[in-house]
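Data block below; observations after.
The numbers here are math on the coordinates, done by the rules we state, and not lab data. All figures in this text were calculated on a predicted structure; none of them were measured in a lab. Methodologically, a virtual Cβ is constructed for each residue, glycine included, from the backbone with ideal geometry; neighbour enumeration extends over all protein chains shown.
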């Protein structure tokens, strides 16, 4: 996999390069550029990276200026010491948004997400793939729930969202029924269609059709109105905002 690094702090660029090689010795860093001007000149050549790591503040401006000038559609992982540019990153093909100082676990998580979205990158002779579509095989078609002294199955198509509360996880149907279910949200996330459901936080796994309104919220988060409504505040956690945007725009 070929990577371009946009970073104006040499020590940070060196550390990032080391972390990338720790993740995979096969990663090739094509160049480390410290300015918007150098980035624009670099993109005049035909070679293209598979992934860009971009600091937002470069020597002569913001990284966003570079992408506006070259109109690159290469996936980007932003690296910055500031968290107030998350929404602006939506205008670029952003995979993730890492806050400095970057640690290996955060980097590995971002790269794992990149490979899930673009699974063919790095395969010999294959072009950059479109974002991956979750396979239908092995996904849950229904859930068994207990209602009083009866057991009932709920088709997955009738689920609006799953919600974690102090007493456990509940399945909320589109009709508004709240039913306890013997799954964790982690387990549910692994067995539902990821095109239809998204884990927005530790407390909610929501279906696309349940999202009625999306509000900008402080600390770079988003606030959702769901149908049917819930008394709990429904927030997209900051670390999931960029991926949530990609999911909505699939």
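Remarks
- Selection within the stretch 208-240 - on the phi > 0 side of the Ramachandran plot and surrounded by fewer than 13 Cβ atoms within 10 Å (Cβ to Cβ): 219
- Wholly enclosed strands (runs of 3 or more DSSP E) of the stretch 192-250 bearing at least 1 residues under 15 Å from the mean Cα position of the chain (by Cα): 197-199, 204-207, 221-226
- Residues of the stretch 65-82 classified as within 15 Å of residue 50 (Cα to Cα) and in contact with a helix residue (DSSP H, G or I) (Cβ under 7 Å, 6 or more places away or on another chain), total: 3
- Residues located in the stretch 11-28, provided they are farther than 18 Å from residue 118 by Cβ and touching a residue at least 24 places away in the same chain (Cβ under 8 Å): 12, 15, 16, 19, 22
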